[in-house]
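The values are calculated or read from the model by the stated rules, or taken from the named source; none is laboratory data. For clarity, every value in this text was computed on a predicted model and none was experimentally measured. Please note: Cβ atoms are built from the backbone with ideal geometry, for glycine as well, and neighbour counts cover all protein chains shown.
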Amino acid sequence: MKINLIELFEESVRMYPQKVAVIDKDREITFSDLHQNSLQLAAKITAMGVGQNKPIGVFLDKSIESVYADLGVLYAGDFYMNLDIKTPAERIRNIIQLVEPAVIISTSRQVKSILAIIPETVKVILLDEEEWTAEVDAEAIIRNLSTIIDTDPSCIINTSGSTGTPKGVVLNHKSFFDFIDWAIDTFHFGEDLVMGSLSPIVFDIYSFELCMLMAKASTLVVLPAHLAAFPAKILEVLEQHKVNFLFWVPTIMVNIANMDLLSTFKLENLRTVWFAGEVFPTKQYNYWHHHLPEVTFANLYGPIEITLDCTYYIINKEIPDEQPLPIGYPCRNTDILILDDEDCLITEPNAEGELCVRGTSLAMGYYNNPEKTAAAFVQNPLNKAYPEVIYRTGDIVCYDADGLILFKGRKDNIVKHMGYRTDLGEIEHVIINTLKLVKNGCIVYNQAEKQITLFYEAAEEIPASEFRLQIGKVLPKYMIPTSFHHLELLQRNANGKIDRLFYKKQVNG
């Protein structure tokens, strides 16, 4: 029985000390050396008198250093909070004020952008300026770690907040054990896993990759963030390092499909591809499937509040371009409740309701934010007998005739317009995926003017009359946007997704 994630890493180091753990451009590090670096950092943290179960900020780009920084924090019996080095300083300030990390780990170069906003009470470790000793008392660190149990926090992952300050989702060791066990058992992952890591270190996907490095001695191949603009280069790196597993947000996969790059890059070592975080248009998925027929593809769904994902669908049949990909079935040891507006359980096909989750996978809540925690993590309305928390996702779903769960849209994306219950996500889907009128778009609702408003990316402005003509062929009149705004590039949030909150504020003040 293992009770903290470091116990997994200790076992991997014992079994595979000379195996390459991380490949970072022209550098690499073995499990043995990664272990030593992590212990040295843990010793530094402990020597500062930080104590256990404290949040520690990591302000680094994705690299060998970020990996051993996170591991070092865990060895110290604390929990890491990765920060995005591209995030504006004011947003970082808000996070620091909310979470109050005991330490921030960075480098002399990277810390410059936030040095002025770090409070005097927060200690700073600069990896490139520390004096590292050759030996540390590893046994003492492990003894100290023995008091950490599986319900203690392992990390904080920040997610967008309506007030402009991100919510810090607190995840514990136990919830990651739950997801790792499901992943290994369901997909039969072994010690030969080579992961093409594209997600920023602030993503939950990166934390999963870190867990797989610890649990199965998997090799993590760092794909630098700037490569997202050069999909062909990414595929070159995948081939070079014989990457056999990907866990990506679909955006880059859509770009690869649109550029027909899999006609050139065969990715012969690739065996398993997961995608999550946003809807993957079926047409572009089919492109990947048809070019890589031997690869297992899985569509995963879930907000970070339930530790990565709570449903999955291993795609084992042909799905027409115009049909959405199901989000599938609950992961093992996770229960999905679909509740209607009266909090009654929905079981019949095609009836829509809010997806709610119960189980070990649930986060501990939002750090230093009891009000938002209480609003999202609530008593199961179907259980009046004893305390049982569920998480309300705010996502609208339904079952199809085969019992598969289909994602329909966000609860906060459904508005009453001209007397009709209108799903703004459906309008977006038609404009972008069905009609392919624009590359990217964002539909928001102007409450004061009662207008459906489209912000869109396109090379040139498209006449409003053309939009109305084409959309009117597919959707009823009441679902046709009444206001159109052309942009060369839509605003993105810290997670790389279209910043809907920004555009809601644009039209609603």
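The single condition among (1) surrounded by fewer than 18 Cβ atoms within 10 Å (Cβ to Cβ); (2) among the acidic types (Asp, Glu); (3) modelled with pLDDT under 95 that Glu388 does not satisfy is (3).
Which residue is nearest to Met48 (Cα to Cα), if the candidates are limited to segment 103-138 and must be of a type in the set (S, T, N, Q) and over 27 Å from the mean Cα position of the chain (by Cα)? Selected residue: Thr121.
Let's see how each residue does on (1) within 26 Å of Lys497 (Cβ to Cβ); (2) in contact with a Leu (Cβ under 7 Å, 6 or more places away or on another chain):
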residue	(1), (2)
Gly441	yes, yes
Asn446	yes, no
Ser465	no, no
Gly472	no, no
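One residue stands out in segment 444-459 among those that are more than 12 Å from Gln506 (Cα to Cα) and buried (at least 16 other Cβ atoms within 10 Å of the Cβ): the one that is farthest from the chain's Cα centre (by Cα), namely Ile452. The residues of segment 395-434 that are of a type in the set (Asp, Glu) and either in contact with a Ser or Thr (Cβ under 7 Å, 6 or more places away or on another chain) or part of a helix (DSSP H, G or I) (or both), listed by number, are Asp412, Glu426, Glu428.
Per this entry, Tyr503 is not counted among residues that are at pLDDT 95 or above and either farther than 30 Å from Leu337 by Cβ or in contact with a His (Cβ under 9 Å, 6 or more places away or on another chain) (or both). Taking segment 252-271 as the range and being surrounded by fewer than 18 Cβ atoms within 10 Å (Cβ to Cβ) and within 23 Å of the chain's Cα centre (by Cα) as the test, only Asn255 passes.
On the given criteria, is Ser63 in contact (Cβ under 8 Å) with a residue 40 or more places away in the chain, buried (at least 19 other Cβ atoms within 10 Å of the Cβ) and within 21 Å of Glu28 (Cα to Cα)? Taking the combined requirement at face value, the residue does not satisfy it. For segment 332-366, residues that are surrounded by 15 or more Cβ atoms within 10 Å (Cβ to Cβ) and either of a type in the set (Phe, Trp, Tyr) or in contact with a strand residue (DSSP E or B) (Cβ under 6 Å, 6 or more places away or on another chain) (or both) total 20.
For Glu466, are the conditions met, namely being in a loop (DSSP other than H, G, I, E, B), more than 23 Å from Val279 (Cβ to Cβ) and over 26 Å from the mean Cα position of the chain (by Cα)? Spelling it out, it is not the case that Glu466 is in a loop (DSSP other than H, G, I, E, B), more than 23 Å from Val279 (Cβ to Cβ) and over 26 Å from the mean Cα position of the chain (by Cα). Checking Leu437, Leu454 one by one, the residue that is in contact (Cβ under 8 Å) with a residue 12 or more places away in the chain and assigned to a strand (DSSP E or B) is Leu454 and no other.
Here the condition is being surrounded by fewer than 13 Cβ atoms within 10 Å (Cβ to Cβ) and not charged (D, E, K, R); of Ile184, Ile149, Ile118, it holds for Ile149 alone. Please go through segment 16-52 and pick out each residue that is aliphatic (A, V, I, L, M) and either within 17 Å of Leu220 (Cβ to Cβ) or in contact with a Leu (Cβ under 7 Å, 6 or more places away or on another chain) (or both). Of everything in segment 16-52, those that are aliphatic (A, V, I, L, M) and either within 17 Å of Leu220 (Cβ to Cβ) or in contact with a Leu (Cβ under 7 Å, 6 or more places away or on another chain) (or both) turn out to be Val20, Ala21, Val22, Ile23, Ile29, Leu34. The lone criterion from (1) within 28 Å of Lys497 (Cα to Cα); (2) in contact (Cβ under 8 Å) with a residue 24 or more places away in the chain left unmet by Lys112 is number (2). For segment 72-86, the set of residues classified as part of a loop (DSSP other than H, G, I, E, B) and over 23 Å from Gly496 (Cβ atoms) consists of Ala76, Gly77, Asp78, listed by residue number. In summary, Cys211 fulfils each of the numbered conditions (1) within 16 Å of the chain's Cα centre (by Cα); (2) among the hydrophobic types (A, V, I, L, M, F, W, C); (3) assigned to a loop (DSSP other than H, G, I, E, B) with the single exception of condition (3). Of all residues in segment 469-509, those being closer than 16 Å to Gln451 by Cβ and assigned to a strand (DSSP E or B) number 3. Does Ser175 satisfy being surrounded by 15 or more Cβ atoms within 10 Å (Cβ to Cβ), of a type in the set (S, T, N, Q), touching a residue at least 12 places away in the same chain (Cβ under 8 Å) and part of a loop (DSSP other than H, G, I, E, B)? When the stated conditions are applied, Ser175 does not pass them. Only one of the numbered conditions (1) within 30 Å of Leu362 (Cα to Cα); (2) modelled with pLDDT of 95 or more; (3) crowded, with 18+ Cβ neighbours inside 10 Å is not met by Pro303, and that is (2).
Number of residues in segment 221-251 that are more than 23 Å from the chain's Cα centre (by Cα) and crowded, with 17+ Cβ neighbours inside 10 Å: the value is 1. Entry remark, segment 87-109: residues being free of Cβ contacts under 8 Å to residues at least 60 places away in the same chain and either buried (at least 19 other Cβ atoms within 10 Å of the Cβ) or assigned to a loop (DSSP other than H, G, I, E, B) (or both) number 11 in total.
For segment 71-86, a residue qualifies if it is crowded, with 23+ Cβ neighbours inside 10 Å and out of contact with any Phe, Trp or Tyr (no Cβ under 8 Å at 6 or more places or on another chain), and the qualifying residues are Gly72, Tyr75, Ala76, Gly77, Asp78, Phe79, Tyr80, Met81.
For segment 178-208, the tally of residues that are among the aliphatic types (A, V, I, L, M), in contact with a helix residue (DSSP H, G or I) (Cβ under 8 Å, 6 or more places away or on another chain) and part of a helix (DSSP H, G or I) stands at 3.
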